[in-house]
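Written below as structure tokens is the structure these notes are about.
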Amino acid sequence: NAGVTQTPKFRILKIGQSMTLQCAQDMNHNYMYWYRQDPGMGLKLIYYSVGAGITDKGEVPNGYNVSRSTTEDFPLRLELAAPSQTSVYFCASSSQRDQQYFGPGTRLTVT
Amino acid sequence: QKEVEQDPGPLSVPEGAIVSLNCTYSNSAFQYFMWYRQYSRKGPELLMYTYSSGNKEDGRFTAQVDKSSKYISLFIRDSQPSDSATYLCAMSAGGSEKLVFGKGTKLTVNP
């Protein structure tokens, strides 16, 4: 099993550009999550999904969108990138709410 | 009062030392408790998972939960340089409740 995979590993965006961060899991988990991690600020939940076709906002959803058309994939869309979205983004999945398994992360810089 | 408090450190110890990492919390509904280890520039990995109060041991790692004091600990015996990482506590009330993370404690074990 590959677990949770994320692409790309790194990306530099210009202000106003858009991009999609990809996340896939092969553990047949129902729950999937997107977090951002800023230095000294811990993990903040952006969006989550409890199953295909169902998504909900987390703590910091503004400027992001998600979709969940399959159990395996949970892409995160950034529209009109801003410097405040410079961060490390982690995708996670779980079969239960709590024991979450994380991907390796995407480092995004918006300049 | 923040829902989960964790001393960010940094904590520096010599190889072989016993390390104690702690989190306090305010929500008495929390009953699932986790510790994640995050190496530099990597995603968090689930290290320990406990339910309700009590101790759980796994090799050199022991997780303790004291619900009466709203306090959880992670002990690392015979610490190794490979234990150098940031350790994040996480907890949830279970069911549909989200996982709440501490901000992490950065640990360095010096050879």
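The values are calculated or read from the model by the stated rules, or taken from the named source; none is laboratory data. No experiment lies behind these values; they were computed from the predicted model shown. Ideal geometry is used to build each Cβ from the backbone, glycine not excepted, and the neighbour counts take in all protein chains shown.
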Conditions (1) part of a strand (DSSP E or B); (2) of a type in the set (Lys, Arg); (3) within 11 Å of chain A (Cβ to nearest Cβ) -> B:Lys56 fails only (3)
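Residues checked against (1) crowded, with 21+ Cβ neighbours inside 10 Å; (2) assigned to a loop (DSSP other than H, G, I, E, B); (3) in contact with an Asp or Glu (Cβ under 7 Å, 6 or more places away or on another chain); (4) not hydrophobic (A, V, I, L, M, F, W, C):
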{"position": "A:Asn65", "(1), (2), (3), (4)": "no, no, yes, yes"}
{"position": "A:Ser69", "(1), (2), (3), (4)": "no, yes, no, yes"}
{"position": "A:Ala81", "(1), (2), (3), (4)": "yes, yes, no, no"}
{"position": "A:Ser84", "(1), (2), (3), (4)": "no, no, no, yes"}
{"position": "A:Tyr89", "(1), (2), (3), (4)": "yes, no, no, yes"}
{"position": "A:Gln96", "(1), (2), (3), (4)": "no, yes, no, yes"}
{"position": "A:Gln99", "(1), (2), (3), (4)": "no, yes, no, yes"}
{"position": "A:Pro104", "(1), (2), (3), (4)": "no, yes, no, yes"}
{"position": "A:Leu108", "(1), (2), (3), (4)": "no, no, no, no"}
Take the conditions farther than 23 Å from A:Gly3 by Cβ and in contact with a Ser or Thr (Cβ under 7 Å, 6 or more places away or on another chain) and apply them to B:Val4. Does it pass?
no
Single condition A:Phe90 does not satisfy, out of (1) more than 9 Å from every other protein chain (Cβ to nearest Cβ); (2) within 13 Å of the chain's Cα centre (by Cα); (3) within 17 Å of A:Pro8 (Cα to Cα):
(1)
Pick out the one residue from B:Ser20, B:Ser28, B:Ser40, B:Ser12 that is small (Gly, Ala, Ser), closer than 26 Å to B:Pro111 by Cβ and exposed (fewer than 12 other Cβ atoms within 10 Å of the Cβ).
B:Ser40
Could you run through segment B:39-53 and say how many residues are part of a strand (DSSP E or B) and either over 29 Å from A:Trp34 (Cβ atoms) or touching a residue at least 40 places away in the same chain (Cβ under 8 Å) (or both)?
1
The listed residue being part of a loop (DSSP other than H, G, I, E, B) and either away from chain B (no Cβ under 12 Å) or at pLDDT below 95 (or both), out of A:Val50, A:Val60
A:Val60
I'd like to know if segment A:9-27 contains one or more residues that are more than 30 Å from B:Pro8 (Cα to Cα), among the hydroxyl-bearing types (Ser, Thr, Tyr) and modelled with pLDDT of 95 or more.
yes
Filter result for A:Thr20 (surrounded by fewer than 16 Cβ atoms within 10 Å (Cβ to Cβ) and outside any loop (DSSP other than H, G, I, E, B))
yes
B:Tyr32 being touching a residue at least 24 places away in the same chain (Cβ under 8 Å) and either among the acidic types (Asp, Glu) or within 19 Å of A:Gln99 (Cβ to Cβ) (or both)
yes
Quick count over segment B:2-38, residues being in a loop (DSSP other than H, G, I, E, B), in contact with a strand residue (DSSP E or B) (Cβ under 7 Å, 6 or more places away or on another chain), hydrophobic (A, V, I, L, M, F, W, C) and modelled with pLDDT under 95, is 1
